[in-house]
Each structure stands twice: as structure tokens, then as C-alpha cells.
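The values are calculated or read from the model by the stated rules, or taken from the named source; none is laboratory data. Given the structure is predicted, the values throughout are model-derived calculations rather than measurements. When we count neighbours, we look across all protein chains shown, and the Cβ atoms used for this are built from the backbone with ideal geometry, even at glycine.
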Amino acid sequence: MNKKLSKKLAVMSAVLGLATLGWADTKKEDATERLDNAAKVLHEVMAAPDKGIPEEVLEHAKCIAVVPHMLKGGFIVGAEGGRGVATCRTENGWSAPAFFTVAGGNFGLQIGVEGVDLVMVVQNDQGMQHLLSSKFKIGGDASAAAGPVGRHASADTDWKMNAEILTYSRAKGVFAGLTVNGAAVTTDDDTMVAIYGPGVTQRSVLAGKVEPPASAHAFLAAVRGARNQATASK
């Protein structure tokens, strides 16, 4: 190999290295913003008088997932708008957050509304297993229903028995149960690699086998505090 070719290869390698570092930094910034926005959504939802997620729902929750600013004009805004974060309950508290995307599906009640936030509460082990997988469909692989709203869930409803996932929406300060059908939830591989490095799976993160990054502090604190807010407001 001559010196000129060696020099060109060295320059190309350096450029690729810088590009990779830049890509990772951008993904980390996006992930931090997503986590902070998700924390804000939970705080505002639970602070709404008599309109939060019921205490009973949060008490039995296996996992909580939030997609900030998901919809625009009734449709998912693709890659940027349909990105969320999730955490699951483990023996040692809530897990580090996993990152995912949402695409497709039909969303009732919110046509024409911009900036809709989606909150999903996984209620049982079967629903949790779907979230642990790399891809599943809401209302298809995992049964879903619009979640009850208020400080307490009525005992005569079937919200606990029939739905693996309870879904909620928040738009322009209004919080309500949301009907979701056919939306595909898929691991956000690029963000997972940027935050945790290669080879770390969504399953291992949500199972509590990975330490949460510092950027997840606000989101996990909001999840831990959600039930306390519900209890304090009853």
C-alpha cells in the first residue's frame, strides 16, 4: 500500500469516526429531550384535578410507557412524533427506560388535534411480555382499552380483567381514555445503541438488568411519584 492511499484511508477513518460520534451525541440529546418531555407529561397528567390515572390502575401497573407529542391532525407524525420511552416494575424498583417507536394504527377521538401525548399502562404479565419483545401491535398482539380516568377506578368496570394495556391521551390540557387499534410498537434500535451501547436488548433493560442513565432521573422520578400524586389528591 503506497503512502498516498494510506493517508486517504486514515483521513476517511477519522471522518467516519467523527461522524459516528456526532450521530451518537445527537441521539443522546434526542433521548434526553424525550425523557424530560415524558416526565413533564406524567407530572401534568397527575396534577389535573380529578382527571388523572386512577390510583388502582397505577398500583397494579407492570409497565408505564409515554409518547410525548405523538399526533398531529389525527395521524402519527412518523419518526419524530412517534417516539416514546417505557419502564417496567422490577424487584428493585422501576427499570431503566427502553426507547421505542409507534407507527400506523387508528386513534379515536383526537382527529384534528395537534400535539397529543400518549400514555400506556401495562396491567399484567402477558402485556409486559409483549412490551419486552422487539415488536407488537396494540389491540392486535396485545389487547388494549381506553383507560378509566379519575382518582379511583370504578369497581364495576372490567378495565382490570380484559385489557393488557390501558391507553390514555392528553391534548390541550384535556386528559381522557384513548381508543388505539393496530399501532405497531417497535424497539428504537438507534437510540438504544446510542444510550446503552451495542448488544443491549429492550428485554434486558426493562427486566432491570441495566443501570439507568443519569438522563433518566426525571422520568423515573415522575413514574415513582405518579401514584403518590394520585393518593395525595384523593
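Among the residues of region 179-196, those that are part of a helix (DSSP H, G or I) and within 14 Å of the chain's Cα centre (by Cα) comprise ASP189, THR191, MET192. One residue stands out in region 102-133 among those that are crowded, with 16+ Cβ neighbours inside 10 Å, at pLDDT below 85 and assigned to a strand (DSSP E or B): the one that is farthest from the chain's Cα centre (by Cα), namely PHE107. For region 1-35, taking the residues that are within 21 Å of the chain's Cα centre (by Cα) and surrounded by fewer than 17 Cβ atoms within 10 Å (Cβ to Cβ), the one that is modelled with the lowest pLDDT is identified as ALA24.
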